[in-house]
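The values are calculated or read from the model by the stated rules, or taken from the named source; none is laboratory data. Quick caveat: nothing in here was measured; it's all calculated off a predicted structure. A quick note on method: Cβ atoms are made from the backbone with ideal geometry, for glycine too, and the neighbour counts reach across all protein chains shown.
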Amino acid sequence: MGLLKLLTFPVSGPVAGGRWVLQTLLDEAHRRYYDPAAIRQEMADLEARHRSGGISDDEFDRAEEALLERLLESRQFTRERE
């Protein structure tokens, strides 16, 4: 078993390292996407743009709905990971 690992290391080493990098990136992307504080900040920024006239009522409604759905997904994602 040890000899086989040693012989396949030139191939399996970079594959395992690449897999670790991809998993780390995926974990960080999930953490940022599902972060409730970041979602709330985006909602506050959206409301500020709406109040200043930067976006229309329809755009605000669509974006707010998407952020609320994301917040609900965030809560579900957090519960599933615990």
Where residues in region 50-82 are surrounded by 14 or more Cβ atoms within 10 Å (Cβ to Cβ) and free of Cβ contacts under 8 Å to residues at least 24 places away in the same chain, which of them is nearest to residue 37 (Cα to Cα)? 64
Residues being acidic (Asp, Glu) and modelled with pLDDT under 95 - total across region 27-82: 6
